[in-house]
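First comes the structure, then the notes that go with it.
The values are calculated or read from the model by the stated rules, or taken from the named source; none is laboratory data. For clarity, every value in this text was computed on a predicted model and none was experimentally measured. Heads up, the Cβs are rebuilt from the backbone with ideal geometry, glycines too, and the neighbour counts pull from every protein chain shown.
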Amino acid sequence: MASPHDLILPHTHILLRLPSGAPRILVITPDTTISLGKFGSFPANALLYRPYNLTFDILDAPQSGLRVVSAAEITRDVLGGAGEEETEAEAGEHYREEKEEAMRNNRETVDDPAAQKMSWEEIEEAKKVGSGSGRDLVQKLLSSHTALHQKTPFSLQKYTLRKTKKFLRRFTVLPLTVSALNNYLLEVKEPQKILDLRDETLGLMLSLGNVHYGGRWLVIDETGGLLVAA
């Protein structure tokens, strides 16, 4: 049975990791709607009493809500399908294809924006009427790219991952620990407010001060409360 500290409770601060890698801090207030801008919105109650470190897709109407994404699906999306299991014959064929592709490179490939046949207006319209948490839009972008066959496997994987990060409506819920807050303040907010104090430096200070549970210390804090919170 999960400990209460491992579950998302009402009025708790949490850290969301968006597909782009950008962090976002939110407060889970029951019976409200959480908006993530272009990624969509969902009811806050959909996160209550769920474990941390899960990844969710934001579903479109009429199923509006959240869907838990399995680790296998995340791996498959990142690798562009390369994470799926293969039979021995398929693995052999895949190896032969890789040997042939190894001789190819993108030296002669020109990254022409005109190769993408979907216009900005079409992409915006697809975002409004699409489904599948943005997955359908990513597939349309791939299928409408006229020079996709010229890309090497590595280049194709990078392109797919870039579009996935941009259009997939997905996020991961993380606990807002002192370490996570420290990194958030350094990356997103104003690091000078915490004296550019990095996570490892903060840990070293606590270790040298022999800080432990149940003790009492006199603290002079000029980091906006980060040192005391640690």
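Being β-branched (Val, Ile, Thr), within 24 Å of Arg24 (Cβ to Cβ) and in contact with a helix residue (DSSP H, G or I) (Cβ under 9 Å, 6 or more places away or on another chain) is the filter here; which residues of the stretch 186-229 pass it?
Ile194, Thr223
Output the residues belonging to the stretch 7-52 that are over 13 Å from Thr172 (Cα atoms) and part of a strand (DSSP E or B).
The answer is Leu7, His13, Val27, Thr33, Ile34, Ser35, Ser41, Phe42, Pro43.
Can you tell me which residues in the stretch 15-61 are touching a His at 6+ places or on another chain (Cβ under 9 Å) and among the β-branched types (Val, Ile, Thr)?
Ile25, Val27, Ile28, Thr29
Specify the residue that is farthest from Ser41 (Cα to Cα); the eligible residues are those in the stretch 125-158 that are over 23 Å from the mean Cα position of the chain (by Cα), modelled with pLDDT under 70 and of a type in the set (S, T, N, Q).
Gln150
Could we say that Leu197 is surrounded by 14 or more Cβ atoms within 10 Å (Cβ to Cβ), touching a residue at least 24 places away in the same chain (Cβ under 8 Å) and not in a helix (DSSP H, G or I) here?
Criteria met by Leu197.
So which residues in the stretch 56-77 are crowded, with 18+ Cβ neighbours inside 10 Å and within 21 Å of Leu7 (Cα to Cα)?
Result: Phe56, Asp57, Ile58, Leu66, Val69.
For the stretch 180-192, which residues satisfy the criterion of being exposed (fewer than 14 other Cβ atoms within 10 Å of the Cβ), free of Cβ contacts under 8 Å to residues at least 60 places away in the same chain and either assigned to a helix (DSSP H, G or I) or of a type in the set (S, T, N, Q) (or both)?
Hit for the stretch 180-192 is Gln192, nothing else.
Are any of the residues in the stretch 159-178 modelled with pLDDT of 90 or more, touching a Leu at 6+ places or on another chain (Cβ under 8 Å) and in a helix (DSSP H, G or I)?
For the stretch 159-178, residues modelled with pLDDT of 90 or more, touching a Leu at 6+ places or on another chain (Cβ under 8 Å) and in a helix (DSSP H, G or I): present.
Enumerate the pairs (first residue in the stretch 200-217 and under 18 Å from Thr177 (Cα atoms); second residue anywhere and surrounded by 12 or more Cβ atoms within 10 Å (Cβ to Cβ) and polar (S, T, N, Q)) with beta-carbon separation below 6 Å, excluding pairs fewer than 6 apart on the same chain, so at least 6 apart or on different chains.
From the stretch 200-217, no pairs qualify.
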